[in-house]
Number of protein chains: 2
Amino acid sequence: MQLDRYDRHILRLLQDDGRLSNQELADRIGLSPSPCLRRVRALEEAGVIAGYRAMLDAKALGLSLMALIHISMDQHTPERFEGFEAAVRAIPEILECLLITGQSADYQLKAVVRDMDAYQELLLDRVTRIPGVTGVHSSFVLRRVVDKTALPVPGD
Amino acid sequence: MQLDRYDRHILRLLQDDGRLSNQELADRIGLSPSPCLRRVRALEEAGVIAGYRAMLDAKALGLSLMALIHISMDQHTPERFEGFEAAVRAIPEILECLLITGQSADYQLKAVVRDMDAYQELLLDRVTRIPGVTGVHSSFVLRRVVDKTALPVPGD
DNA sequence: CGAGTTTTGGAATATCCTGCCAATATAATT
DNA sequence: AATTATATTGGCAGGATATTCCAAAACTCG
C-alpha cells in the first residue's frame, strides 16, 4: 500500500492519540471529515493500523517490577518451540516474547509483576517448569528511559 | 486509587480496544453510559489510563527488522547517563530504552528499521557515536511470539 | 435504624459519525 | 494541448454518540 502525505500525517497523529475524533483529525491534516475518515478506514482495512489500545500505567496498577528473562532451550526442534510458545502465551504477566539471535539465549521474555515475591513465583513455578527450558537469566529493569509504541513513519 | 470490579472490567476492555464507544463499553460492563463515562474519565485523571494509541503494523510500513542492542557505558556517572538518554530519545527508530541490571550491559535498546543497511547506519553513525558508549552487542529478533501492551489487571 | 455520602440512571443538548452525490482535482491518451 | 477517464474531495443530512445535569437509588457509618 502506497502512503501519501495525508496518510502519513494521519498515522503520526493517531499513534500519538488513538482517540482523536475524526473532525479533529481532519482539521489537523487539512482535509474535510469525509475523506479523512475514508483514509482511516482504508488504513485499517489494509492492516497498516492494526488496532487501538488504551495504555495503562503499570505503577498505578501496583505492577512495579519489570524484568527481562533470557531463556535457553535444550533442543531446537519445532515441537519444543511450539510447546514453549503456547505456554508463554498463556501467562498474562509476560508482555513480550521474542525469538532472538546473537545471544546465548533463544528467547527473551518481558514480564511485569507486583514485586520480587511475585517474580519468584512466576519464574520458579511457571517459567522454569515449561518443558525444554534449561537456562534462565534474569535482568531487572531499573528505569524505562524510552517506552514508545509509535513506529517511525517512513517518508518525512 | 482503589479499583472495583467495574473499573477493572473497563480497563480490560479498553486495553483490548481503545476505541470502544462509551455506549458499547457501558453495555459490556453492565452500567448505563453516564456512570461508565465518569469512571473512564476518573481513570484517565488518576493516570491509570495513560493514553490511547493506534498500533501500526511494522511490516506494513516496511520496517521488517527489529533488533535489541545492549549498550555498555564507560563510566556510570549521572552526566554520562543523561547525555546518553537524551541522545537515545532523539532517535525515532529506538522504541525502547531500558536501564537494566543483571547483564554485562547497562542499557538495552529496541530498534526497528527497514533492513540491514538501515540498521548498520543506525548503529555505526548514531548509536556508537553517543559519548560514553564503549560496548555494543546486537541481537536480532527472528519472530515476535508475544507482543502485548495489555497489562494484567490485578484482582481477577 | 436513620442521616450523610456516594453512585447511579435517564433526559436533554451538543457534538460527532457516516454514507451519498455533485464538484473538483489528477492522470492518461491521443 | 485538449479531452476523456479515474480518483479524490467537500458538503449535506440523518442517525448515532458524547456529555452534562438532576433526581432517585444504593451504600456507609454512627
Where residue B:96 falls short, out of the listed (1) on the phi > 0 side of the Ramachandran plot; (2) without any contact (Cβ under 8 Å) to a residue 24 or more places away in the chain: (1)
Residue list for segment B:1-16, filter: within 12 Å of DNA strand D (Cβ to nearest atom) and closer than 18 Å to residue A:95 by Cβ: B:14
Residue within segment B:33-47 that is surrounded by fewer than 19 Cβ atoms within 10 Å (Cβ to Cβ) and away from DNA strand D (no atom under 16 Å from the Cβ) present: yes
Some residue of segment A:122-136 being touching a His at 6+ places or on another chain (Cβ under 8 Å) and either under 30 Å from residue B:115 (Cβ atoms) or surrounded by fewer than 19 Cβ atoms within 10 Å (Cβ to Cβ) (or both): yes
Evaluation of residue A:154 against (1) facing another protein chain (nearest Cβ under 7 Å); (2) open to solvent by 70 Å² or more (accessible area, probe 1.4 Å); (3) modelled with pLDDT under 95 (one fails), failing number: (2)
Hits in segment A:75-90 - residues which are within 24 Å of residue B:152 (Cα to Cα) and among the charged types (D, E, K, R): A:82, A:85, A:89
Residue in segment A:58-100 that is nearest to the other protein chains (Cβ to nearest Cβ), counting only those that are open to solvent by 60 Å² or more (accessible area, probe 1.4 Å) and in contact with a strand residue (DSSP E or B) (Cβ under 8 Å, 6 or more places away or on another chain): A:89
The lone exception for residue B:4 - which of (1) surrounded by 12 or more Cβ atoms within 10 Å (Cβ to Cβ); (2) more than 7 Å from chain A (Cβ to nearest Cβ); (3) within 11 Å of DNA strand C (Cβ to nearest atom) it fails: (1)
Any chance residue B:105 is hydrophobic (A, V, I, L, M, F, W, C), modelled with pLDDT under 95 and under 19 Å from residue A:68 (Cβ atoms): yes
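The values are calculated or read from the model by the stated rules, or taken from the named source; none is laboratory data. This is a predicted model, so every value here is computed, not measured. Heads up, the Cβs are rebuilt from the backbone with ideal geometry, glycines too, and the neighbour counts pull from every protein chain shown. The accessibility values were calculated without ligands, DNA or RNA, using every heavy atom of the protein model including side chains. Shrake-Rupley method; radii C 1.70, N 1.55, O 1.52, S 1.80 Å.
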